[in-house]
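Down below is the structure, laid out as structure tokens.
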Amino acid sequence: SQTVTLTVLPAGLMDVTYSNNTPVSIPDNDSAGVTSTITVADPYTVFGTEVSVDITHTWIGDLIVELTSPTGTTVNLHNRSGSSDDDIVATYSVDSFNGEMMNGDWVLSISDNAGQDLGTLNSWSLSFRALGEVTNAPPVAGFEVSTDELTATFSDTSTDPDDDIVSWDWSFGDGGSSSAMNPVYTYAAEGTYSVSLTVTDSEGQSDTYSDTVTVSEPAAVVIIADIRRSVLRPNGTLVSLLTWRPTPAPTVDIIRNGVVVATVANTGRYRDVARNVTDTEFTYQICDDRGCSDEMTVSF
């Protein structure tokens, strides 16, 4: 003959896990022991529990490990078994809490009941199979920033346990703003600015993080330039061949006697022609958006 067991569980069951990763020292030969608490905010009904513990301890036969629920139910997980074995890294399946509400303080108690051995509760966690409406967790805002001259590149580092951040509201401290997740922003002037990021999740919960960013003007560039040849003809025509070391800028201004006479491609070479000139001395400069050459003067 065969026996079949059918268990009908409610629709909407979910698996949720909570943990405490704060180490706690276990005193030697102290029946009062130590406790560690996991506080659960969600009002779910328990349909199954798994308790995982990570304990470093020599001679685990000294240890008693118990878990007490918010309603006061206590379950013994480890009762001085294992003799001289070291460490407890184990997961216990427990059904004694079934039907109880999860919300409240879950207290793990550990006691050492013999001398000469010390240990540490490294971490522990609770995994529930439960039924109930999930309580939305708020986001935690954060960002990192890198700068290149006046340009700041922002990287969102915000987190949300529900992974449901839906909007980013940046304020760059100079009146500028953005709704991008990872914006790139160029300031008009150097300085230190207070930047804030507000993130909002799908349930309308939000958090704000602020930090400062310092940007600086591009370093000035001195263009290396020369007048290779210059001729002033009897008819008043000036012809000057100018050369310079090209810079990253796409164009340069040709300045003669303080006036921009041409804006040309930054090729490193330009032939300047002026007709009907009356001066006999001419001063040139080559300038881009980051600096100029020294003044170069030719006289006739």
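The values are calculated or read from the model by the stated rules, or taken from the named source; none is laboratory data. Nothing here was measured: the structure is a model prediction, and the numbers come from that model. Ideal geometry is used to build each Cβ from the backbone, glycine not excepted, and the neighbour counts take in all protein chains shown.
Of all residues in the range 74-95 being surrounded by fewer than 17 Cβ atoms within 10 Å (Cβ to Cβ) and in contact with a Ser or Thr (Cβ under 6 Å, 6 or more places away or on another chain), which is farthest from Thr58 (Cα to Cα)?
Restricting to residues being surrounded by fewer than 17 Cβ atoms within 10 Å (Cβ to Cβ) and in contact with a Ser or Thr (Cβ under 6 Å, 6 or more places away or on another chain), the top hit is Thr74.
Which of (1) touching a Lys or Arg at 6+ places or on another chain (Cβ under 8 Å); (2) modelled with pLDDT under 95; (3) not acidic (Asp, Glu) is the odd one out, the single condition Thr243 does not satisfy?
Of (1) touching a Lys or Arg at 6+ places or on another chain (Cβ under 8 Å); (2) modelled with pLDDT under 95; (3) not acidic (Asp, Glu), only one is false for Thr243: (2).
Can Ser216 be described as within 30 Å of Phe172 (Cα to Cα) and within 47 Å of the chain's Cα centre (by Cα)?
yes
Just to be sure, is Val16 of a type in the set (A, V, I, L, M) and more than 21 Å from Pro161 (Cβ to Cβ)?
no
With the condition kept exactly as written, say whether any residue in the range 219-230 is of a type outside the set (Asp, Glu) and farther than 30 Å from Arg269 by Cβ.
Scanning the range 219-230, I find no residue that is of a type outside the set (Asp, Glu) and farther than 30 Å from Arg269 by Cβ, so the answer is no.
Among Asp164, Asp148, Asp105, Asp160, which is charged (D, E, K, R) and over 27 Å from Thr39 (Cβ atoms)?
Asp148
Which one of these is over 30 Å from Thr153 (Cβ atoms) and touching a residue at least 24 places away in the same chain (Cβ under 8 Å): Leu197, Leu238?
None of the others qualify; the one that does is Leu238.
Kindly evaluate Val51 against the criterion of being farther than 25 Å from Pro27 by Cα and either under 37 Å from the mean Cα position of the chain (by Cα) or touching a residue at least 24 places away in the same chain (Cβ under 8 Å) (or both). So that I can check it myself, show each step before the final result.
Numbers: farther than 25 Å from Pro27 by Cα: no; either under 37 Å from the mean Cα position of the chain (by Cα) or touching a residue at least 24 places away in the same chain (Cβ under 8 Å) (or both): yes.
Answer is no for this residue.
Is it the case that Ala180 is farther than 30 Å from Ala137 by Cα and either at pLDDT below 95 or among the hydrophobic types (A, V, I, L, M, F, W, C) (or both)?
Judged against the criteria, Ala180 is not a match.
Which of the residues that make up the range 120-146 are in contact with a Phe, Trp or Tyr (Cβ under 9 Å, 6 or more places away or on another chain) and assigned to a strand (DSSP E or B)?
Ser125, Leu126, Ser127, Phe128, Arg129, Ala130, Leu131, Val140, Phe143, Glu144, Val145, Ser146
Name the residues in the range 23-70 that are over 21 Å from Ala90 (Cα atoms) and of a type in the set (Phe, Trp, Tyr), would you?
Correct list: Tyr44 only.
I'm trying to understand the selection: among the residues of the range 132-189, which are more than 19 Å from Gly204 (Cα to Cα) and aromatic (Phe, Trp, Tyr)?
Once the filter is applied, which keeps residues that are more than 19 Å from Gly204 (Cα to Cα) and aromatic (Phe, Trp, Tyr), the range 132-189 yields Phe143, Phe154, Phe172, Tyr185, Tyr187.
Could you count how many residues in the range 231-270 are surrounded by 12 or more Cβ atoms within 10 Å (Cβ to Cβ), over 14 Å from Glu295 (Cβ atoms) and more than 47 Å from the chain's Cα centre (by Cα)?
Residues in the range 231-270 being surrounded by 12 or more Cβ atoms within 10 Å (Cβ to Cβ), over 14 Å from Glu295 (Cβ atoms) and more than 47 Å from the chain's Cα centre (by Cα): 11 in total.
Being charged (D, E, K, R) and farther than 17 Å from Thr39 by Cα is the filter; apply it to the range 108-145 and report the residue that is modelled with the highest pLDDT.
Looking at the filtered set, the residue picked out is Glu144.
Name the single residue, out of those in the range 109-119 being touching a strand residue (DSSP E or B) at 6+ places or on another chain (Cβ under 8 Å) and in a loop (DSSP other than H, G, I, E, B), that is surrounded by the most Cβ atoms within 10 Å (Cβ to Cβ).
Asp117
In the range 194-215, what residues are at pLDDT 95 or above and among the hydroxyl-bearing types (Ser, Thr, Tyr)?
Ser194, Ser196, Thr198, Thr200, Ser206, Thr208, Tyr209, Ser210, Thr212, Thr214
Contact list please: Cβ distance under 9 Å, first residue in the range 67-80 and assigned by TED's automatic domain parsing to the domain that holds Gly104, second residue part of a loop (DSSP other than H, G, I, E, B) and hydrophobic (A, V, I, L, M, F, W, C), pairs at least six apart or on different chains.
Listed pairs, sorted by first residue: Leu67/Phe97; Ser69/Phe97; Ser69/Met102; Pro70/Met102; Thr71/Phe97; Thr73/Phe97; Val75/Phe97; Arg80/Ala114.
Given the conditions (1) farther than 22 Å from Glu144 by Cα; (2) touching a Ser or Thr at 6+ places or on another chain (Cβ under 7 Å), report the number of the one that Ser196 does not fulfil.
Result: Ser196 passes all but (1).
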